[in-house]
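Visitor: Just dropping this structure here.
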Amino acid sequence: MGRLDGKVALVTGAASNPGLGRTTALRLAAEGAKLAVSDIDVVGAQTCAQEIQSAGGDAIAFQQNVTSEDGWVEAMEAISSAYGGLDICVNNAGIAVLVPIESMTLEEWNRQIEVNLTSVFLGCRAAIAAMKKREGGSIINLSSVAGIVGLQTCTAYGAAKGGVRIMSKSIAVEAAKYNIRCNSVHPGVIWTNMQAQATGLNDPSALEVSPARIPLGRPGEPLDIANCILYLASDESNYVTGAEFVIDAGMTA
Ligand SMILES: NC(=O)c1ccc[n+]([C@@H]2O[C@H](COP(=O)([O-])OP(=O)(O)OC[C@H]3O[C@@H](n4cnc5c(N)ncnc54)[C@H](O)[C@@H]3O)[C@@H](O)[C@H]2O)c1
């Protein structure tokens with residue numbers, strides 16, 4: 001028996017390897033969920049779906065730009081025709097463009113709000129409509145420690161992630177009447193392509209992980225986040241909604 005047997009899950013931003021979406025999709029599939037994986041990078045999404053299938057799971061992949069309203073309609077149609085409904089939605093896709101406020105352009109600001117916050121609104125709205133038909137579901141939104149505390153060069157990224165944090169709580173309150181739960185996950189420093197790009201490093205061993213910064217003294221693995229998302233996706237968390245899960249090795253403690 002898998003912890004997600006009989007459930008259908010969408011994970012956005014599942015192409016990146018190493019990435020939180022891909023690892024989450026594989027983890028949820030390993031526990032019995034049927035997966036829909038999407039990304040703006042369709043080849044990467046297809047690769048993720050093939051990995052799930054090779055391991056014996058069910059998966060479909062499609063291209064999706066999470067900022068597109070029409071794209072969300074198409075995504076829900078694809079999931080409905082493949083699996084007949086949706087139980088779990090992981091709004092994971094995101095970008096990190098870390099720029100000092102004094103040199104940040106309005107275009108950079110708008111892009112980060114669009115990809116990191118507006119997309120999550122669109123995803124939650126679409127998921128609620130689909131989950132109402134199943135009389136329940138679980139939405140998991142990827143925020144960040146940058147949505148909880150101030151960090152250098154994180155004006156737009158932090159504003160978007162802080163928005164995801166409080167939006168998730170509002171949605172939890174509003175969607176509870178449909179038995180739909182909504183929680184946010186707040187990773188600290190996890191080695192992925194985003195982390196490599198944001199830091200300009202090729203190797204996690206070069207990350208700044210002193211205990212003064214990260215009490216456990218090491219970066220996290222994508223699986224550390226995927227395991228938390230698995231819990232939130234499963235019925236084990238059926239009394240948990242509107243909560244924020246900080247997975248940061250003590251960084252913000
Ligand atoms: N890695 C970390 O340390 C960390 C920390 C805190 C929060 N997060 C958050 O976790 C999530 C996943 O991060 P990651 O580290 O795996 O990032 P990543 O860059 O490795 O993967 C992100 C994926 O999102 C996709 N994507 C970007 N824009 C998109 C769009 N418009 N439409 C569809 N797909 C799009 C990318 O193609 C990529 O595959 C993000 O929301 C990120 O902000 C990550």
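Visitor: Return the pairs, sorted by first residue and then second, in which the second residue is of a type in the set (Lys, Arg) and assigned to a helix (DSSP H, G or I), the first residue lies in the stretch 113-134 and is touching a residue at least 12 places away in the same chain (Cβ under 8 Å), the beta carbons are less than 9 Å apart, and the residues are 6+ apart or on different chains.
Guide: 116/161; 117/161
Visitor: Quick test for you: out of 61, 25, 9, pick the one residue that is surrounded by 24 or more Cβ atoms within 10 Å (Cβ to Cβ), part of a strand (DSSP E or B) and within 15 Å of the chain's Cα centre (by Cα).
Guide: 9
Visitor: From the list 122, 201, which residue is of a type outside the set (Lys, Arg) and surrounded by 16 or more Cβ atoms within 10 Å (Cβ to Cβ)?
Guide: 122
Visitor: A follow-up question, please. If you check residue 35 against the conditions, is it within 24 Å of residue 117 (Cα to Cα), buried (at least 24 other Cβ atoms within 10 Å of the Cβ) and away from the ligand (no atom under 13 Å from the Cβ)?
Guide: Yes.
Visitor: Would you mention how many residues in the stretch 210-253 are away from the ligand (no atom under 12 Å from the Cβ) and touching a Pro at 6+ places or on another chain (Cβ under 6 Å)?
Guide: 2
Visitor: At negative phi and within 12 Å of the ligand (Cβ to nearest atom): does that describe residue 73?
Guide: No: the conditions fail for residue 73.
Visitor: Can you give me the number of residues within the stretch 153-196 that are in a strand (DSSP E or B), away from the ligand (no atom under 12 Å from the Cβ) and among the aliphatic types (A, V, I, L, M)?
Guide: 1
Visitor: Kindly provide the set of residues from the stretch 153-168 that are among the hydroxyl-bearing types (Ser, Thr, Tyr) and on the phi < 0 side of the Ramachandran plot, ordered by number.
Guide: 155, 157, 168, listed by residue number.
Visitor: Just for the stretch 88-111: of the residues that are outside any strand (DSSP E or B) and under 15 Å from the mean Cα position of the chain (by Cα), which one is nearest to residue 146 (Cα to Cα)?
Guide: Looking at residues that are outside any strand (DSSP E or B) and under 15 Å from the mean Cα position of the chain (by Cα), I get 96.
None of the figures in this text is laboratory data; all of them are computed from the coordinates on show. Predicted model only: the values in this text are computed from it and were never measured. All Cβ positions, even for glycine, are placed from backbone atoms using ideal geometry, and neighbour counts span all protein chains on display.
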